[in-house]
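Below: one structure, written as structure tokens.
The values are calculated or read from the model by the stated rules, or taken from the named source; none is laboratory data. The structure presented is a predicted model; accordingly, all values stated were derived computationally and were not measured. Positions of Cβ are backbone-derived with ideal geometry, glycine not excepted, and every protein chain shown enters the neighbour counts.
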Amino acid sequence: MNLPLTKLSLSEFLIWENQQTDRNEFYRGEVFAMVGARRIHGLLTLNLATSLKQQLKGTPCRTFVESMKVQVGDDSLFYPDVFVTCDPADLSTDYIFRSPTVIVEILSESTEAFDRGVKFATYRRISALKEYLMIDPDTRGVELYRRGDDGLFTLHDYSGVEAFSLVSIGCKLTREDVFEGL
């Protein structure tokens, strides 16, 4: 991969990234290569996406997985593990989504700090975002941050809880469904 030596604009990054065989995330001019995921990560992604897709049948919302780009402002572009959007503009795009309602990240040792810190801070700039779910496959931790009427996100720790809801999209997830096959 020929990595740019200077900071890029978002449009320069998109041109460059579309020529690459691997996925890369973009944050404030810097490029971050996406590394391969463990089997457990793939299973969790599939479990979550499958459950959400089935529950959202007949609604204006759709579930997407890790190969789809979410743009935040003019300075960031990420590949969430799973996200749901109900936005008509998002539902008619082919490449870049801007208004997810729910974003899910599967934590790993190499991404956890970034997912909890910079990435979550950046995602909070998306006005349509109502819930940010982080799943830790090693500890079976389930943390959901939900945006309140005051615009602030509140932590709901569902680690050890048998079922929890994604209120913004009317879906219920069980530990059995999320962690099936692990």
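Applying a threshold of 7 Å to beta carbon distances and a minimum spacing of six or more residues, or different chains, the list of pairs starting in region 162-182 at a residue that is touching a residue at least 40 places away in the same chain (Cβ under 8 Å) and ending at one that is of a type in the set (Ser, Thr, Tyr) and assigned to a strand (DSSP E or B) reads SER168/THR101; ILE169/THR101; CYS171/SER165; LYS172/SER165.
Taking the condition among the basic types (Lys, Arg), assigned by TED's automatic domain parsing to the domain that holds LEU43 and part of a loop (DSSP other than H, G, I, E, B), does ARG125 pass? Considered against the rule, which asks whether it is among the basic types (Lys, Arg), assigned by TED's automatic domain parsing to the domain that holds LEU43 and part of a loop (DSSP other than H, G, I, E, B), ARG125 comes out as yes. If the condition is being within 19 Å of TYR27 (Cβ to Cβ) and either under 9 Å from the mean Cα position of the chain (by Cα) or assigned by TED's automatic domain parsing to the domain that holds TYR27 (or both), then region 59-68 contributes only GLU66.
Scanning region 39-65 for residues that are under 20 Å from ILE103 (Cβ atoms) and either surrounded by fewer than 16 Cβ atoms within 10 Å (Cβ to Cβ) or free of Cβ contacts under 8 Å to residues at least 24 places away in the same chain (or both) gives ILE40, GLY42, LEU46, THR50, LYS53, GLN54, THR59, PRO60, THR63, VAL65.
Residues of region 133-176 that are buried (at least 16 other Cβ atoms within 10 Å of the Cβ) and either in contact with a helix residue (DSSP H, G or I) (Cβ under 6 Å, 6 or more places away or on another chain) or aliphatic (A, V, I, L, M) (or both): LEU133, MET134, ILE135, PRO137, VAL142, LEU144, LEU166, ILE169, CYS171, LEU173.
May I ask you to list the residues in region 17-57 that are part of a strand (DSSP E or B) and either modelled with pLDDT of 85 or more or touching a Phe, Trp or Tyr at 6+ places or on another chain (Cβ under 8 Å) (or both)? Don't jump to the end; show me each part of the working.
Taking region 17-57 and keeping what is part of a strand (DSSP E or B), we get 24-27, 30-33.
Scanning region 17-57 gives ASN24, GLU25, PHE26, TYR27, GLU30, VAL31, PHE32.
The single condition among (1) of a type in the set (Ser, Thr, Tyr); (2) surrounded by fewer than 18 Cβ atoms within 10 Å (Cβ to Cβ); (3) touching a residue at least 60 places away in the same chain (Cβ under 8 Å); (4) farther than 24 Å from LEU10 by Cα that TYR27 does not satisfy is (4).
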